[in-house]
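To start, the structure itself, in structure tokens.
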């Protein structure tokens, strides 16, 4: 934070949840988006913070969805 000149209040992910699931390869993208849908049914997503490495995996093979949602106090 100090190196990047970012204050504590500007940190997006003070609280994070990682959801890890196991499924067959045929359904993994569907399940990832289903989990996204369930989370965003309950919390407002910030579309500018969506990182979709499910549709376009990284060159390393990394696949994930990263989302930022609004907390109960209205903070991202």
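Quick one, what does Rg over Rh come out to for the chain if you take C-alpha atoms and the Kirkwood Rh?
Over the Cα atoms of the chain, Rg/Rh equals 1.02.
For the pair residue 33 and residue 21, how long in nm is the line joining their label points, each one 7 Å along Cα→Cβ?
If labels sit at residue 33 and residue 21, their model points lie 1.3 nm apart.
How do 52, 9 line up, fewest other C-beta atoms within 10 Å first?
With the fewest neighbours first, 52, 9 line up as 9, 52.
None of the figures in this text is laboratory data; all of them are computed from the coordinates on show. Everything quoted here is computed from the prediction, not taken from an experiment. Cβ coordinates were reconstructed from backbone atoms using ideal geometry, including for glycine residues, and neighbour counts include every protein chain displayed.
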